[in-house]
Amino acid sequence: MRLGHLSLGVSDLSRAIAFYDAALAPLGGARVWSNERGAGYGPPGQGDLLALKLQNGTVTPPGPGFHLAFDAPDRAAVDAFHAAALAQGGRCDGPPGLRPHYGPTYYAAFVVDPDGNKLEAVFQD
């Protein structure tokens, strides 16, 4: 099975675009399309893997147990993801570091985006 893409609802598209432009860049992600109702992110020059969709009213993120993890090319990219996310209004949900309870080389950082979606960047040697 291969996942086609994932969509997240956002309450402020401009704010979400600024956040995801900055946070995904260190991971090799880029905005591959945008319009007045949404934006899509994926590898440069390809289709989207993550779509942001502007919602009217209050946005409710997925509940407990859900988070979206992005593979990082190295530990420095995990660190840069975390720093960029915080600089764009994200909240730290776990600073960059080894997570030996997931595996001996599992290096990750966790953030919450401005709409409350839980995100992770992870690198495993």
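Rule-based calculations on the coordinates, nothing more; no lab input. Computed from a predicted structure; not experimentally measured. Positions of Cβ are backbone-derived with ideal geometry, glycine not excepted, and every protein chain shown enters the neighbour counts.
Tell me which residues, restricted to the stretch 77-90, are under 15 Å from G29 (Cα atoms) and surrounded by fewer than 13 Cβ atoms within 10 Å (Cβ to Cβ).
None - no residue of the stretch 77-90 is under 15 Å from G29 (Cα atoms) and surrounded by fewer than 13 Cβ atoms within 10 Å (Cβ to Cβ), so the list stays empty.
Taking the stretch 1-48 on its own, how many of its residues are touching a residue at least 40 places away in the same chain (Cβ under 8 Å) and hydrophobic (A, V, I, L, M, F, W, C)?
13
Just for the stretch 111-125: of the residues that are assigned to a loop (DSSP other than H, G, I, E, B) and either under 8 Å from the mean Cα position of the chain (by Cα) or small (G, A, S) (or both), which one is surrounded by the most Cβ atoms within 10 Å (Cβ to Cβ)?
Ranking the qualifying residues of the stretch 111-125, first place goes to D113.
Quick one: how many residues across the stretch 85-110 are among the basic types (K, R) and in a strand (DSSP E or B)?
1
Looking at the stretch 66-80, can you tell me whether even one residue there is among the hydrophobic types (A, V, I, L, M, F, W, C), within 26 Å of G4 (Cβ to Cβ) and part of a helix (DSSP H, G or I)?
Yes: one or more hits.
Only one of G65, G28, G57, G40 is at positive phi and surrounded by 14 or more Cβ atoms within 10 Å (Cβ to Cβ); which?
The unique qualifying residue is G28.
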